Each structure stands twice: as C-alpha cells, then as structure tokens.
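The values are calculated or read from the model by the stated rules, or taken from the named source; none is laboratory data. Bear in mind the structure is a predicted one, so any value in this text is a computation, not a measurement. Neighbour counts run over all protein chains shown; Cβ positions are idealised from the backbone, glycine included. Protein only, heavy atoms only, side chains kept; ligands, DNA and RNA dropped before computing areas. Shrake-Rupley method; radii C 1.70, N 1.55, O 1.52, S 1.80 Å.
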Amino acid sequence: MVRETQVSLTDLIYPLFLVDGSNQKISINSMPGIYRWSLDLLCNEIEECISLGLRSFVLFPAIDDKLKDTHATYSWSDDNFYLKAIREIKTRFPDIVLMSDVAMDPYSSDGHDGLVRDGQIVNDETLPILAQMAVKQAEAGIDIVGPSDMMDGRVGVIREALDEAGFTNVSIMSYTAKYASAYYGPFREALDSAPKSGDKKTYQMDPANKMEALRELVLDTEEGADFIMVKPALCYLDVIALFKANTELPVSAYNVSGEYAMLKAAGEKGWIDYNKAMPEMLLSIKRAGADIILTYFAKEYALMQKTR
Ligand code: PBG
C-alpha cells in the first residue's frame, strides 16, 4: 500500500534485433538470452511476448556489410528487409507499439551515426538522410521513430518531413541525452555496427556533462519531440531525475546492452542473485523518474510476473 514505485509491463519497451532471411535465431555472445531473429521467427517471439503482457517493441536491423555504403542508401531502399518487416509486424500485430531506429550506423560503411567526410562527421548533411529514413519507416507503418544518432537539429527536420508526408500521427522518441558510453559494446557486437575509425564523441555526449543534457532537452522539446530519452540508464540516474523535474514530456531511459551484459554475467557466475538484482535495477530506473524503460530484461521480467 505504501510502496511508491512499481514497474509495470506497460512501462517497458523490448528491443529486438532483426536479420534478413528465414529460420534464423542467432545468439549474441555478450548478450545471453538475446537473439538476432529473421522475420518469421521474430513474429513468433513477438506473439509470445504479447501473451506475457508486453505491448511495445523497438526494432534494430543487422545489415550485411555488402549492403553498407557511405550514405546509408539501403536504409531507404524499397527492398530493405527492415522496412518490409515493419510493415508485416504492424499488419500482423496492429495493437502493439512499434518503434524504429533512425541513425546511419547500421547501414553505414563507416559505422557512424552520421555522414563522414574527411574523417569528420558532418552534422547538417546527415539531416536529410535521417529525415528520409524516418519517412520510409512511417510509410511502412511505424508508430514511433527513434532518432538515436545525436545530430543537432534532427528532431525538427524529421518532424517537418513526417508532417509534410502526411504522417502527423507518427511520434518521435528522441534520444535526447545519449552519452558516448562504453556500455554500448554488446549492442555493437549484435549489429556489427562499431565505428570503423574514430569514436562517437563529436556527437554523443561527454559522460561528465549534466547541464548540456538540459540544453539538449530544451532543443528537442522545441523541435517537437514527443518523448525524451536518457541513455544509458544506470550511470545516469541523476540525469533521468533531472529530466523528470524539468519536462512535462514522458521520460524514457535506455537500459543498454552493457548494463544487461554485466548483470547477466555476474548472475551466471553466481556472484549476484540475478532474480533479485534484475527487478531492483528496473525499479531504480523507474524510481529515478523514468516513465518508460527500454530494456533487454523485458521478457524475463514479464515471465517473472507470471510465475510469481
Ligand atoms: C546507434 C545505437 C546504439 C545503441 C542504440 N542505437 C549504439 C551506439 O550509439 O553506438 C545502443 C543500445 C545498447 O547498447 O543497448 N545508433
């Protein structure tokens, strides 16, 4: 009765990794329990998640190196299997909330979220590419687009492009304060999307900065974000709390791959009581102020609620 915080299944967004082909369920070394799925098997997985009470998913594509180029052209190509998958998933499961990833890195031969010229990430020339990617995802039926790229001004440009194309009902969940974090390692393994050279520090945030997060919050809000996000979650609970105190928008937090990997590894070694530590982790993110949590623990958490 006096408990202040609950983590409900409707607070959670479950990230899913998609590969081309059929009958594929490929494990990821550093993320035990998480797979790269082909669409056919992914649909079964989504069906199971729905039966457990999960409602919201974010989809990431793992793209073959052969299809990558400097301008991420495959991201808006009509035979892109990611766009086809969005269409099929939303047709089969119209009641779920499906969120996309908007960034160049899964499709980029440079492995960067923005366009690379002479070793530099060129912010403004990246914006039309991201806008086009978002419109294609909207055409395929996505509910929420998720710009994870951290270019300046992209929320406004994407909003305008979506509206012009008639997709006024598609929402934007902006990765507002996304830090240049070491905790993304396992994800980059999952998608084979690590930068080919350099790092992401010219566009992702310095982990030392908090006031800058507030500046990003103001910009994303003015540009038309419907949700704002802090990423990663655990080392940035103070930023989540700061956002909650400074916005009326829903605050989301991305409990990232490295956070998942750490807890899984310690649990597997028997160094920590995984079944207690995992819900405690989710609770702490919610208590800090997150309304929504993107987490690889979502399915296991749902299973736990069922067997409790
Ligand atoms: C890149 C992207 C990343 C993640 C989501 N989108 C990695 C990166 O910025 O290099 C990380 C998610 C995770 O670690 O779970 N657009």
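Please verify whether segment 109-132 includes one or more residues that are in contact with a Ser or Thr (Cβ under 7 Å, 6 or more places away or on another chain) and of a type in the set (Ser, Thr, Tyr). Yes: one or more hits. For LEU127, state whether it is part of a helix (DSSP H, G or I) and buried (at least 21 other Cβ atoms within 10 Å of the Cβ). Answer is yes for this residue. Quickly run through segment 204-236 and pick out the residues that are outside any strand (DSSP E or B), touching a residue at least 40 places away in the same chain (Cβ under 8 Å) and crowded, with 18+ Cβ neighbours inside 10 Å. Result: GLN204, GLU216, LEU217, ASP220, GLU223, ALA225, PRO232, ALA233, LEU234, TYR236. Take the conditions away from the ligand (no atom under 16 Å from the Cβ) and either in contact with a strand residue (DSSP E or B) (Cβ under 6 Å, 6 or more places away or on another chain) or open to solvent by less than 20 Å² (accessible area, probe 1.4 Å) (or both) and apply them to VAL251. Does it pass? It is true that VAL251 is away from the ligand (no atom under 16 Å from the Cβ) and either in contact with a strand residue (DSSP E or B) (Cβ under 6 Å, 6 or more places away or on another chain) or open to solvent by less than 20 Å² (accessible area, probe 1.4 Å) (or both). Can we say MET229 is in contact with a Leu (Cβ under 9 Å, 6 or more places away or on another chain), of a type outside the set (Lys, Arg) and within 12 Å of the ligand (Cβ to nearest atom)? Yes, satisfied.
Of the residues ASP152, ASP79, ASP105, which single one is open to solvent by 20 Å² or more (accessible area, probe 1.4 Å), more than 30 Å from LEU52 (Cα to Cα), within 16 Å of the ligand (Cβ to nearest atom) and part of a loop (DSSP other than H, G, I, E, B)?
ASP152
Determine whether THR176 is crowded, with 21+ Cβ neighbours inside 10 Å, over 16 Å from the mean Cα position of the chain (by Cα), modelled with pLDDT of 95 or more and within 14 Å of the ligand (Cβ to nearest atom).
No: the conditions fail for THR176.
Of all residue pairs spaced 6 or more apart or on separate chains, those with beta-carbon atoms under 9 Å, a first member in segment 116-142 that is closer than 26 Å to LYS90 by Cα and among the basic types (Lys, Arg) and a second member that is open to solvent by less than 40 Å² (accessible area, probe 1.4 Å) and part of a loop (DSSP other than H, G, I, E, B) are LYS136/SER77; LYS136/ASN80. A residue that is in contact with a strand residue (DSSP E or B) (Cβ under 7 Å, 6 or more places away or on another chain), buried (at least 19 other Cβ atoms within 10 Å of the Cβ) and not in a loop (DSSP other than H, G, I, E, B) occurs somewhere in segment 158-165. Taking every residue in segment 254-280 that is open to solvent by 50 Å² or more (accessible area, probe 1.4 Å) and pairing it with any residue that is within 16 Å of the ligand (Cβ to nearest atom) and of a type in the set (Asp, Glu), at least 6 positions away or on another chain, yields no pair with a Cβ-Cβ distance below 8 Å.
Checked against the criterion of being out of contact with any Gly (no Cβ under 7 Å at 6 or more places or on another chain), assigned to a loop (DSSP other than H, G, I, E, B), within 13 Å of the ligand (Cβ to nearest atom) and modelled with pLDDT of 95 or more, segment 290-297 contains one or more residues that satisfy it.
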